[in-house]
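Beneath this line is the structure, given in structure tokens, with notes to follow.
The values are calculated or read from the model by the stated rules, or taken from the named source; none is laboratory data. Everything numeric in this text was worked out from a predicted model, so none of it was measured. Here Cβ is always computed from backbone atoms with ideal geometry, including for glycine, and neighbour counts include all displayed protein chains. Just the protein is used for accessible areas: all its heavy atoms, side chains included, with ligands, DNA and RNA removed. Shrake-Rupley method; radii C 1.70, N 1.55, O 1.52, S 1.80 Å.
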Amino acid sequence: MQRTIHRPHLLARPVVVALAAAVALTASACTKSEDDASDKQKSSSAADTQQKVATPKAGSKTCTIDAYGAKKIDLKNATVGFSQSEKEANPFRIAETQSIKDEAKKRGVKLLTANAQSQFSKQISDVQDLLAKGADLLVIAPLNSDGWEPVLQAAAAKKVPIVTIDRKINATPCKDYVSFIASDFVEQGKRAADQMIEATGGKGEVAILLGSAGNNVTTERTKGFKERIAEKAPDLKVVFEQTGDFSREKGQQVTEQLIQSKPGIKGIYAENDEMGLGAVAGLKGAGKKAGAVKIVTVDGTRNAVNAIVDGWISGVVESNPRFGPLAFQTLDTFTQGKEVAQDIIIQDGAYTSDNAKQDVGKAY
């Protein structure tokens, strides 16, 4: 992922949307990581796992193809380019890419794909290549929030609309890109804090395994967590923060450092499941027992939900990666000349010891 620090960009609140009822999700719930046991578990139905759009906030802004300056096009006859940001070793990215591919196939839309392998310079050249290959529309899962000017200029020159998913590009909506589809990351951080407060009793020292620098996800998940802790549990102190780069290996390494420098740590907030699972490995290696250090994560992967069942993780805030149906519905609506929301915010569930065993089939 990226290494440079960029300015934070606060996530806009929900906006219109008739999309919620219109979107149906394909059944791509069952994905794999290195030690996933998901093939032994039954996936939930598509209806159970689909992204659902949050109630729009009054006065939220929309975009039309006329305002954007593009031309109407029949999605069925269009070529869509999809740029994935990260190596597909992370279950979130596996599920995200598969959802895009499944929806394109379902709709009979020609899809071009590229994977930046967690290199921002490659992602920029990837998207430029997609444009050169004739992409009429773009769906981008950005690695960084900043630095997109070359792509935005190239897309604008060809009047190619862009929809971004999961992470926000710091640019002007309905000018540089059409819509941004994602969770409310500040709210995710707050909900993670609520779970941490409950798990720890609201007292003690806790650590944050930060996501990668330079994107709004890390900034906002951190902001929400700290704000809620300060508001509801002033006796719960954040005494350690270090990036785990959203990876399991780095999460384990940072946790090993953490328990040496802060042996009395009571809780770990990992800003994604992979880092949380790395934290579990680090604690096991140090001889800790399940539940001795409370871990709260964000994502909703099978392995993390199973770790709740096993007692190693206290709670997981969902971040649903199945963007395919909603992304293509947004493109379809937009290319027909109808209004779409500039910010489309999805609702996320949660996993705790109360529902993890019965709901693991909803995880990915």
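For this structure, a couple of remarks:
- Rounded to the nearest 10 degrees, the inclination of helix 120-132 to the longest alpha-carbon principal axis of the chain is 20 degrees.
- Around the amide H of Ile165, modelled in the peptide plane, lie the amide H atoms of Ile140, Ala141, Ile181, all under 5 Å away and 5 or more residues distant in sequence or on another chain.
- The heavy atoms of Leu111 present about 40 square angstrom of accessible area, all protein chains included, probe 1.4 Å.
- When Trp312, Trp148 are compared by accessible area of protein heavy atoms, the largest-first order is Trp312, Trp148, using a 1.4 Å probe.
- Most mobile of Glu88, Glu231, Glu339 in a GNM of the chain (Cα contacts under 10 Å): Glu231
- Backbone geometry of the range 59-71 corresponds, through the Karplus equation with coefficients 6.51, -1.76 and 1.60 at θ = phi - 60°, to 3J(HN,Hα) couplings of x, 5, 8, 10, 9, 10, 5, 5, 5, 6, x, 9, 10 Hz, x marking Gly and Pro.
- Modelled FRET efficiency - R0 22 Å, Asp310 with Glu198, Cβ distances, 0.05 increments: 0.70
- Where Phe328, Phe120 fall by accessible area, highest first, once all protein chains stay in place (1.4 Å): Phe120, Phe328
- Only beta bridges with both residues in the chain are counted; by DSSP, about 15 percent of them are antiparallel.
- Under 5 Å between amide hydrogens, built in the peptide plane, is the criterion, and for Thr79 it picks out Asp136, Leu137 among residues at least 5 positions away or on other chains.
- Couplings for the range 135-152, taken from phi via the Karplus curve 6.51 cos²θ - 1.76 cosθ + 1.60 with θ = phi - 60°, read 4, 8, 9, 10, 10, 10, 9, x, 7, 9, 8, 9, x, 9, 3, x, 5, 4 Hz in order; Gly and Pro are left as x.
- Angle in degrees between helix 91-107 and the longest Cα principal axis of the chain, rounded to the nearest 10: 30
- Contact order relative to length of the range 206-272, as percent, for alpha carbon pairs under 8 angstrom and 6 or more apart: 54
- Mean-square fluctuations from a GNM of the chain, with a 10 angstrom spring cutoff on Cα atoms, peak among Ser99, Ser121, Ser212 at Ser121.
- Candidates Ala154, Ala341, Ala58: whichever shows maximal mean-square fluctuation once the chain is modelled as a Gaussian network with Cα springs under 10 Å: Ala58
- Excluding ligands, DNA and RNA, the accessible surface per residue across the chain is 40 Å² with a 1.4 Å probe.
- Note on Cα extents along the principal axes in Å: of the candidates (1) 61, 52, 43; (2) 60, 42, 39; (3) 64, 45, 41, the value calculated from this structure sits at (2).
- With all protein chains modelled, accessible area of Lys158 [1.4 Å, Å²]: 120
- Legend: residue pairs Lys76/Lys338; Lys72/Lys101; Lys266/Lys294, Cα-Cα distance threshold 18 Å; pairs beyond threshold, Lys72/Lys101.
- The chain: relative contact order in percent, alpha carbon pairs under 8 Å with at least 6 residues between: 25
- Global form of the range 188-307, assessed from the alpha-carbon gyration tensor, a/c cut-off 1.5: rounded
- Counting only protein heavy atoms and using a 1.4 Å probe, the accessible area of Cys63 comes to about 0 Å².
- For the chain, with +1 on Lys and Arg beta carbons and -1 on Asp and Glu, the positive-most of Leu209, Gln257, Phe185 along the dipole: Phe185
- Within a straight-line Cα-Cα reach of under 19 Å, Lys110 can be paired with the following aspartates and glutamates, leaving aside sequence neighbours fewer than 8 residues apart in one chain: Asp74, Glu96, Asp102, Asp126, Asp129, Asp136, Asp332.
- For the range 125-269, the fraction of 1.4 Å probe accessible surface lying on carbon and sulfur atoms is 47 percent.
- Using a cutoff of 8 angstrom between alpha carbon atoms and counting only pairs six or more residues apart, the relative contact order for the range 69-126 works out to 46 percent.
- Converting phi to 3J(HN,Hα) with the Karplus coefficients 6.51, -1.76 and 1.60 and the offset θ = phi - 60°, the range 204-220 yields x, 9, 10, 10, 10, 8, 6, x, 5, 6, x, 9, 5, 5, 4, 4, 7 Hz in sequence order, with x at every glycine or proline.
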